[in-house]
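The values are calculated or read from the model by the stated rules, or taken from the named source; none is laboratory data. Everything numeric here is computed off the predicted structure, so don't read it as measured data. Backbone-built Cβ (ideal geometry, glycine too); neighbour counts: all protein chains shown. We work out accessible area using only protein heavy atoms, side chains counted, and drop any ligands, DNA or RNA first. Shrake-Rupley method; radii C 1.70, N 1.55, O 1.52, S 1.80 Å.
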Amino acid sequence: MILGGGFGGLYLARALDALGVTRAAELTLVNRAPAFLFLPLLYELLTDEVADWQIAPSFAELLPDGCRFVHGEVVGGEFHAGQRRAFIRQADGDLVLEADTVVLALGSVSDDFGLPGVKSHARPFRSLADAQALKTAVIDAARRAAAGAGAPREPVSFAVIGAGPSGVELAAVIADRLREEWARAGLPPPPARLHVVDRLPELLPQYGSALRRFARRELARRGVELHLGVGVAGCSAAGVELENGAHIAAETIVWTAGSRPAPVLADFPFVRDRRGRIPVSRTLEVPGFPGVYALGDVAASVAAPATAQVAVRQAAVVAHNIAASLRGERLREYHYEPLGEMMTLGRGTAAANILGVAFDGVAGYLTRRLVYLLAMPEPWHATKVGLSWLGQALEETWQAWSSPSPPARPTE
Ligand SMILES: Cc1cc2nc3c(=O)[nH]c(=O)nc-3n(C[C@H](O)[C@H](O)[C@H](O)COP(=O)(O)OP(=O)(O)OC[C@H]3O[C@@H](n4cnc5c(N)ncnc54)[C@H](O)[C@@H]3O)c2cc1C
């Protein structure tokens, strides 16, 4: 039984099927949404560079025949005296599932650290619904500003809290979407103020200096104002209050500053670390609970960051270990090996650091697209997405050739 169908859970289900485990055992995957979400491409929904169907294919399309899908909310579990049970809430009632082997892959949620006003005034950016709602807010703000063009008015204002990859990527796509809306209305760039705030003195602290430089340059091109080295004290309808007493006026605030493991873990009997994650052994088993594994964002394992890259590689190790225990063979250990990082820096541009080589611009964009296509869970789905991106690129090229004036470039 796999609890959670994200990068850890879904890739695990597919790997178990590939190893033949579904011929020897029943496999069930539980997830609260009916579709998987390819989170690294969520930003591009704001610029319409990707469509919902491309990044959120349904589990019916992705799961192997040998895996049963349960659409429901995991609300707790019982693990004692050889029993492993999960309690599931579904639209039409409750369900109890039992299994010999359970994998916890429930991911994480946004963490506001209990700061005043964040829950009520700042938006998270973690789900398809979050991205769609933010896109609507950006378009509405741009159109309102365009309707009042010529009259004296307050600038459109957005604040993104957190200058990690999520905050940087979001700020770039928000800036591009605002400009594109105005360009479509035949207007010059809107009077917009876009802020990124972080308590750390440098943006992207987890990345190397080249990616930081690329990101700083692209954000500066888009007029993004950085407030680094100052924490957020709280949020209100008027904007963001900083710890140094300053106030940033913002009509829309997006919170990317922290995350914590799925809250339902508190209803399971496992030990958790200071950050709420479940400590696991190198084989990704939960100590003291035979037959229970944890991976991805819920697992506290040897210096591995909370990334999709880590969850997918851990899924391969857990799949091997489940198959090996059924055959009485030796289990494999997970060792963290960073492969590199990539991020969008706005429409048609991205930065990448692959095996120590950093680059950006169109090369970064094409590399990122290709790597993500190859990383998509299902080859047929990836093929459809690839063909649709190709069609979109050809259409844009044709429009650029056939239009009398060059299209507005948001980055210029
Ligand atoms: C906007 C964004 C962009 C990101 N970009 C990148 C990137 O570019 N590169 C990278 O490596 N990482 C990226 N990450 C991080 C990466 O997505 C996570 O580390 C990764 O998804 C973790 O995998 P997981 O399986 O642990 O959790 P998830 O992939 O989040 O999967 C957890 C699943 O469990 C389900 N679930 C949770 N609670 C319950 C419940 N109670 N009942 C039922 N179902 C439940 C969720 O709906 C979800 O489907 C990004 C994260 C975000 C939010």
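Kindly provide the helix-only [θ] at 222 nm of the chain, computed as the sum of -39,500 (n - 2.57) over DSSP H runs of four or more divided by all residues, to the nearest 500 deg cm²/dmol?
Helix contribution divided over all residues of the chain: -10500 deg cm²/dmol.
Alpha carbon centre of the range 198-231 versus the range 11-70: separation in Å?
33
Let me make sure I get this right: for the range 264-317, a, b and c are the square roots of the gyration tensor eigenvalues over alpha carbons, sorted descending. Under 1.5 in a/c it's rounded, otherwise prolate if a/b > b/c, else oblate. Which is it?
oblate
For the range 277-292, take each phi angle, set θ = phi - 60°, evaluate the Karplus expression 6.51 cos²θ - 1.76 cosθ + 1.60, and give the result in whole Hz per residue in order, putting x for glycine and proline.
8, 8, x, 10, 7, 5, 8, 6, 8, 8, x, x, 10, x, x, 10
Hey, if you put +1 on the Cβ of every Lys and Arg and -1 on every Asp and Glu Cβ in the chain, which of Leu45, Ala250, Val312 ends up farthest toward the positive end of that dipole?
After comparing all options, I get Ala250.
So how much slack lies between Gln206 and Asp65, counting 0.36 nm per residue of separation and subtracting their Cα-Cα distance, in nm?
Between Gln206 and Asp65, full extension yields an extra 46.8 nm.
Using the Kirkwood formula on the Cα atoms of the range 167-321, what hydrodynamic radius do you get, in angstrom to one decimal?
18.8
For the range 1-147, just list the percent of Cα-Cα distances falling in each 10 Å bin from zero outward, please.
Percent of Cα pairs in each bin: 10, 31, 31, 18, 7, 2, 0.
Which of the listed residues, Ser236, Leu211, Leu226, is farthest toward the dipole's positive end in the range 191-240, when Lys, Arg count +1 and Asp, Glu count -1 at the beta-carbon?
Of Ser236, Leu211, Leu226, it is Leu211.
Show me, for the range 34-44, the HN-Hα J-couplings you get by feeding each phi into the Karplus relation (A = 6.51, B = -1.76, C = 1.60, θ = phi - 60°), rounded to Hz, glycine and proline as x.
Couplings: x, 10, 6, 10, 7, 4, x, 9, 5, 4, 5 Hz.
Of the beta bridges DSSP finds with both residues in the range 52-207, what % are antiparallel, to the nearest 5?
70
If you take the C-alpha gyration tensor of the range 125-234, multiply each eigenvalue by 5 and take the square root, what semi-axes do you get, largest first, in whole Å?
After scaling each eigenvalue by five and taking roots: 26, 15, 14 Å.
Which FRET efficiency value, to the nearest 0.05, do you get for Leu339 and Leu373 by plugging their Cβ-Cβ distance into 1/(1 + (r/R0)^6) with R0 = 25 Å?
0.95
Highest GNM mean-square fluctuation, the chain, Cα pairs closer than 10 Å: which of Gly164, Gly223, Gly356?
Gly356
State the Cα centre-to-centre distance between the range 291-341 and the range 237-271 in whole Å.
Comparing the Cα centres of the range 291-341 and the range 237-271, I get a distance of 29 Å.
Can you give the FRET efficiency to the nearest 0.05 for Ser402 and Ala249, using r as the Cβ-Cβ distance and R₀ = 41 Å?
0.45
Averaging over every viewing direction, what projected area does the convex hull of the Cα atoms of the range 226-313 cover, in nm²?
The Cα convex hull of the range 226-313, projected and averaged over all directions, gives 8.3 nm².
With label points built 7 Å along Cα→Cβ from the Cα atoms of Asp48 and Asp273, find their separation and express it in nm.
Taking the simple label geometry, Asp48 and Asp273 are separated by 4.4 nm.
Nearest 0.05, what FRET efficiency do Ala81 and Leu331 give at R0 = 41 Å with Cβ-Cβ as r?
0.95
Quick check: convex hull of the Cα atoms in the range 1-43, volume per residue, rounded to a whole Å³?
Expressed per residue, the convex hull around the Cα atoms of the range 1-43 is 70 Å³.
What are the radius of gyration and Dmax of the chain, computed over its Cα atoms and given in Å?
Looking at the chain, its Cα Rg and Dmax stand at 22.5, 75 Å.
Taking one equal scatterer on every alpha-carbon of the range 278-375, how large is log10 of I(q)/I(0) by Debye at q = 0.10, 0.11, 0.19, 0.24 1/Å?
-0.37, -0.43, -0.88, -1.14
Restricting things to Cα coordinates, could you compute the convex hull volume per residue of the range 308-356 in Å³?
80
What is the helix-to-structure angle for 308-327, meaning the angle in degrees between its Cα long axis and the longest Cα principal axis of the chain, kept from 0 to 90 and rounded to the nearest 10?
It works out to around 10 degrees.
Residue by residue through the range 365-377, which ³J(HN,Hα) values in whole Hz follow from phi under the Karplus form 6.51 cos²θ - 1.76 cosθ + 1.60 (θ = phi - 60°), with glycine and proline marked x?
Once θ is set to phi - 60°, the couplings for the range 365-377 become 4, 5, 5, 4, 4, 5, 4, 5, 4, 5, 8, 4, x Hz.
Nearest-5 percent of antiparallel DSSP beta bridges in the range 124-280?
For the range 124-280, the DSSP antiparallel bridge percentage is about 30.
Over the chain, what is the percentage of antiparallel beta bridges among all DSSP beta bridges, to the nearest 5?
The antiparallel fraction comes to roughly 50 percent.
Can you send over the carbon and sulfur percentage of the accessible area for the chain, probe radius 1.4 Å, protein chains only?
The value for the chain is 55 percent carbon and sulfur by accessible area.
Counting heavy atoms of the protein chains only and a 1.4 Å probe, report the per residue accessible area for the chain as a whole number of Å².
46
Place a point 7 Å from the Cα of Leu394 along the Cα-to-Cβ direction; which residues of the range 39-63 have their backbone N under 19 Å from it?
Residues 50-51 qualify, since their backbone N sits under 19 Å from the label point.
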